[in-house]
Amino acid sequence: MKKPELLAPVGDFECLKSAVQNGADSIYLGANSFNARNRASNFDLENLKKAIIYAKLRNVKVHLTLNILIKNNEFKDAVDLALDAYNLGVDAIIIQDLGLAKYLIKNYPNIPIHASTQLTVHNLEGVKQLEKLGFSRVVLARELSISEIKNICQNSNIEIETFIHGALCISYSGQCLFSSIVGNRSRKSWSLCTTM
């Protein structure tokens, strides 16, 4: 079994330092647009570069969240942001929008694409489909039991990530748009990535 990787969300540079200094193997963060944590401070490109440098000097991976549905008129800007972030050194991009993911996988195959929990992947068939599409990791829905997660890990060839603490969603995993409308807030949580 591969050693689990502890991921932590960071909404600003102070959170980044705290996560890194307290043992996170990876962090995930959002830019100023196209992420589900729009109430966090988030990172413009200049601060994203500083965050990447800070994390990489301490052997911590950085994942960028582009984990919302993208409108047609936003598509080019979302692609540009993904490419800018990758060129700055992010290790992976966490995506909800299948069209954006498929475009990046097809045209930029060197960029690791992770399926966001917003895709609500809750079974082996969904994981296998995303694996066929070229995703390198799937963040599972939070409602799964340990035995369901174990079954998925044992029967797929893709990295699996699960949330272990802090989910504040009032709806089912991945339905953050509904949660944000009803509760008017985004979520913060910790994740664990492993292949069992």
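The values are calculated or read from the model by the stated rules, or taken from the named source; none is laboratory data. Note that the coordinates shown come from a computational prediction; the quantities given were computed from them, not determined experimentally. Here Cβ is always computed from backbone atoms with ideal geometry, including for glycine, and neighbour counts include all displayed protein chains.
What about residue 118, is it within 12 Å of the chain's Cα centre (by Cα), within 20 Å of residue 159 (Cβ to Cβ) and part of a helix (DSSP H, G or I)? Break it down stepwise before answering.
Working: within 12 Å of the chain's Cα centre (by Cα): yes; within 20 Å of residue 159 (Cβ to Cβ): yes; part of a helix (DSSP H, G or I): yes.
Here the answer is yes, as residue 118 does meet what is asked.
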Restricting the search to region 99-134, which residues are among the β-branched types (Val, Ile, Thr), in contact with a strand residue (DSSP E or B) (Cβ under 6 Å, 6 or more places away or on another chain) and more than 18 Å from residue 64 (Cα to Cα)?
121, 127
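Mind counting the residues in region 80-103 that are part of a helix (DSSP H, G or I) and either in contact with a Phe, Trp or Tyr (Cβ under 9 Å, 6 or more places away or on another chain) or crowded, with 23+ Cβ neighbours inside 10 Å (or both)? Step through it out loud before you land on a result.
Filtering region 80-103 down to residues part of a helix (DSSP H, G or I) leaves 80-88, 98-103.
Pick out the ones that are also either in contact with a Phe, Trp or Tyr (Cβ under 9 Å, 6 or more places away or on another chain) or crowded, with 23+ Cβ neighbours inside 10 Å (or both) and you get 81-83, 85-86, 99-101, 103.
Of the residues in region 80-103, 9 are part of a helix (DSSP H, G or I) and either in contact with a Phe, Trp or Tyr (Cβ under 9 Å, 6 or more places away or on another chain) or crowded, with 23+ Cβ neighbours inside 10 Å (or both).
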Pairs, please: C-beta under 7 Å, at least 6 apart or cross-chain, first residue under 22 Å from residue 159 (Cα atoms) and in region 7-19, second among the hydroxyl-bearing types (Ser, Thr, Tyr)?
7/26; 7/28; 7/191; 9/28; 9/189
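Among the listed residues 69, 6, 45, identify the single one that is in contact with a Gly (Cβ under 7 Å, 6 or more places away or on another chain) and at pLDDT below 95.
Working: 69 fails: in contact with a Gly (Cβ under 7 Å, 6 or more places away or on another chain); 45 fails: in contact with a Gly (Cβ under 7 Å, 6 or more places away or on another chain).
Sole residue among the options that is in contact with a Gly (Cβ under 7 Å, 6 or more places away or on another chain) and at pLDDT below 95: 6.
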Only unsatisfied item for residue 144, checking (1) touching a residue at least 24 places away in the same chain (Cβ under 8 Å); (2) of a type in the set (A, V, I, L, M, F, W, C); (3) crowded, with 16+ Cβ neighbours inside 10 Å; (4) over 17 Å from residue 94 (Cβ atoms), is (1)
Restricting to region 92-113, count the residues that are of a type in the set (Lys, Arg) and touching a helix residue (DSSP H, G or I) at 6+ places or on another chain (Cβ under 7 Å).
1
Within region 122-130, identify whether any single residue is of a type in the set (D, E, K, R), at pLDDT 95 or above, part of a helix (DSSP H, G or I) and farther than 18 Å from residue 159 by Cα, and answer yes or no.
no
Looking only at strands (runs of 3 or more DSSP E) that fall completely inside region 1-79, which ones have 1 or more residues that are farther than 27 Å from residue 109 by Cβ?
5-10
Positions within region 50-84 being more than 21 Å from residue 117 (Cα to Cα) and hydroxyl-bearing (Ser, Thr, Tyr), in sequence order:
54
